[in-house]
């Protein structure tokens, strides 16, 4: 490999859980010294790959994460779980949920600052059964690598050594998987409480003609939607606003919007029609069965307080086989977001939305995709504060 060259590359980890297919994409910049971290002859194959081309290879998860070990499933007394993480902030252990290891005292091999995830498999009043295995341990996977661009290394750049397997597996992938033989408890306690309990119509009384994600994240969401949409489709844009995040060249769609503010919806050039409706007051959609070829929900699902009922309604108004795609990021109106959403790791939020699809009952072919690490657009107002573009997380299912 020529270490004098400068590379931009996107790695994608493909894997399956019992309920869905997942793709976790991560962009890397400034790579030159990563030969020793890549499996087999992947480094040499990448070095020969032209810009814009991609390759795939199977990977052995046991080479990337610690192998699954039965002795990492342990039982502890419920009192060993440290519920008060800071003054006034209480966390309850829930079945199927992930928590930092250092919240439980007395675990073998766990140190005070250890924030690697463990999963609560079962809970009783007296005991917790926890799993310290890596969320991807024992799962088969494949790696896709796409070279975005090659150039000569910058004069001031001496090379950065990056552990690619650790970067791809160490911060979230696997947390979205459902328990194989029990339900994850996403709903106990005040899961759907919000800081601002006023009716949403008061919050959305005036138009908010702002972008909730940066332009590159919006573009990538549009590219994801474009993979599922075809000319002539009738598309429902749920919980929408003045922007539908579709590619500019994607015309000939009959778009119907549903949102909270009439002025915002009026300014959306995509809409042939729209409806103003608060789904937190009225979950029933005002359309007949099987009217739409697809449905979208962009950076809004975290505000729903009756999500399962809404997902069932979306299924009702979709034609058989039609996709429902839900996308979100890590920015939202904090006073209107449900409590459980703010307490989760981003990949657990994928698991929560997948659970909405499951409980919606009429969806199959579930999947998820994440994209992180793209450079923030230079013209973005936060470009001097944030290095990376807003992450994109997507979850989808198809009407049975």
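Every read-out reported here was derived from the displayed coordinates using simple, explicitly stated rules and does not represent laboratory data. Bear in mind the structure is a predicted one, so any value in this text is a computation, not a measurement. FYI the Cβ positions are ideal-geometry reconstructions off the backbone, even for glycines, and counts take in every protein chain you see.
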- Any idea what log10 I(q)/I(0) is at q = 0.15, 0.28 Å⁻¹ for the stretch 206-266, Debye with uniform C-alpha scatterers and no solvent? -0.47, -1.28
- Query: Projected area of the chain, taken from the Cα convex hull and averaged over every viewing direction, in nm²?
  - Reply: 21.4 nm²
- Message: With a cut-off of 8 Å between alpha carbons and a minimum separation of six or more residues, what is the relative contact order of the chain in percent?
- Response: 18 percent
- Query: Separation between the residue 267 and residue 208 pseudo-spin-labels, each 7 Å from Cα along Cα→Cβ, expressed in nm?
  - Reply: 1.3 nm
- GNM on the chain, Cα springs under 10 Å; top mean-square fluctuation among 190, 131, 24 goes to 190
- Query: If only Cα atoms are counted, what is the Rg of the stretch 200-399, and what is its Dmax, in Å?
  - Reply: 15.9, 48
- Query: Looking at the chain, what % of its DSSP beta bridges pair antiparallel, to the nearest 5?
  - Reply: 70 percent
- Note on the structure: Ranked by GNM mean-square fluctuation in the chain (Cα springs under 10 Å), the top entry among 80, 277, 339 is 80
- Task: Calculate the translational D of the stretch 279-363 in whole µm² s⁻¹ from Stokes-Einstein, where the hydrodynamic radius comes from the Kirkwood formula applied to all Cα pairs, the temperature is 10 °C and the viscosity 1.306 mPa s.
- Result: 118 µm²/s
- Query: Most exposed first by the Cβ proxy, i.e. fewest other Cβ within 10 Å, how do 196, 19 rank?
  - Reply: 196, 19
- Query: Relative contact order, percent, of the stretch 70-131 when contacts are C-alpha pairs under 8 Å separated by at least 6 residues?
  - Reply: 40 percent
- Note on the structure: Taking R0 as 22 Å and r as the Cβ-Cβ distance between residue 400 and residue 359, the FRET efficiency 1/(1 + (r/R0)^6), rounded to the nearest 0.05, comes to 0.95
- Note on the structure: The distance between the Cα centres of the stretch 39-90 and the stretch 180-194, in whole Å, is 24 Å
- Task: Averaging over all projection directions, find the projected area of the Cα convex hull of the stretch 70-131 and quote it in nm² with one decimal place.
- Result: 4.1 nm²
- Taking 220, 230, 97 and counting other C-beta atoms within 10 Å, the order from fewest to most: 230, 220, 97
- Note on the structure: Rounded to one decimal in nm, the spacing of the 7 Å Cα→Cβ label points at residue 252 and residue 309 is 4.0 nm
- Message: Can you give me the orientation-averaged projected area of the convex hull built on the Cα atoms of the stretch 209-310, in nm²?
- Response: 6.5 nm²
- Theoretical ellipticity at 222 nm over the chain - DSSP helices of four or more residues, -39500 (n - 2.57) apiece, nearest 500: -4500 deg cm²/dmol
- Message: As a footprinting exposure proxy, order 129, 327 by other Cβ within 10 Å, with the fewest listed first.
- Response: 129, 327
- Query: Which residue fluctuates the most in the chain, going by a Gaussian network model with Cα springs under 10 Å, if the choices are 166, 309, 95?
  - Reply: 166
